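These notes concern the structure reproduced below.
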Amino acid sequence: MNRLYHFPLSPFCRKVRLILAEKRIEVELVDEKYWEPSNEFLRRNPAGKVPVLKIDGLTLSDSSAICEYIEETVPEPSLMPRDPVARAEVRRLVAWFDDKFYKEVTCNLVHERVHKKLMRGGYPDGRAVKSGAQNIKFHIHYMNWLLDQRRWLAGDKMTMADFTAAAHLSCLDYISDVDWSLSEPVKDWYATIKSRPAFRSILADQIFGFPQPPHYANLDF
């Protein structure tokens, strides 16, 4: 059995879960308190970070490396275009959400509101929360601009870029930190990808001490 060591409200873990589910690859989920890494977990990934995937007799870490491996070994359904220019655009947007969006939005909101409490790391930093709440507006407007030019974020077909963005937004939506009224196209895009079978396990997540908001699993939110 394939096994994914993850934390439910990590966008990087959620991205891998979505890609695995879209490719119809069954996997056992193992919750990992990455902030308290065991020696066994550190042997799997000396960086002490999730996700870590055990598959095909291998132990893989880093969400981008894992997703690229899955795409190359299970090419259908394809989540990367064949054209080199189009592939570069997908990778640019994956990096945009995993780097820029994460640092400016996800970390400032999810880490401060949820992870700190779970880690017993003190109270949320109000300045960080305020910054994240302000920064998400810019990113939503940028996504709106992309969707005004294209059917999906990176082009005419759904790609890894869409699942990466959805992974981050789903974490924020779990704590009601997405103002969907900012962009109807972005809301429609998220509703479409949220309705896919690959999203079912994400919508079933329950974080101890942080109950789901009523709209979170509602496909007609």
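The values are calculated or read from the model by the stated rules, or taken from the named source; none is laboratory data. Since we're looking at a predicted model, the values are computed, not measured. Neighbour counts are summed over all protein chains in view; Cβ atoms, including those assigned to glycine, are modelled from backbone coordinates with ideal geometry. For accessibility, only protein heavy atoms count, side chains too; no ligands or nucleic acids. Shrake-Rupley method; radii C 1.70, N 1.55, O 1.52, S 1.80 Å.
Can you tell me which residue within the range 130-175, out of those that are open to solvent by 40 Å² or more (accessible area, probe 1.4 Å) and charged (D, E, K, R), is farthest from Ala198 (Cα to Cα)? Per the stated criteria, the residue is Lys130. Where strands (runs of 3 or more DSSP E) sit wholly within the range 1-67, those with at least 2 residues that are open to solvent by 50 Å² or more (accessible area, probe 1.4 Å) occupy 28-31, 58-61. Restricting attention to the range 152-184 and to residues that are assigned to a helix (DSSP H, G or I) and of a type in the set (Asp, Glu), the residue that is nearest to Ala86 (Cα to Cα) turns out to be Asp162. Scanning the range 176-221 for residues that are within 22 Å of Met158 (Cα to Cα), open to solvent by 20 Å² or more (accessible area, probe 1.4 Å) and not aliphatic (A, V, I, L, M) yields a total of 14. The test for being touching an Asp or Glu at 6+ places or on another chain (Cβ under 7 Å) and outside any loop (DSSP other than H, G, I, E, B) does not hold for Phe97. Within the range 79-87, one or more residues are crowded, with 19+ Cβ neighbours inside 10 Å, of a type outside the set (Lys, Arg) and at pLDDT 95 or above.
Can you spot a residue in the range 20-37 that is of a type in the set (Gly, Ala, Ser) and closer than 14 Å to His6 by Cα? So far as the range 20-37 goes, no, none of its residues is of a type in the set (Gly, Ala, Ser) and closer than 14 Å to His6 by Cα.
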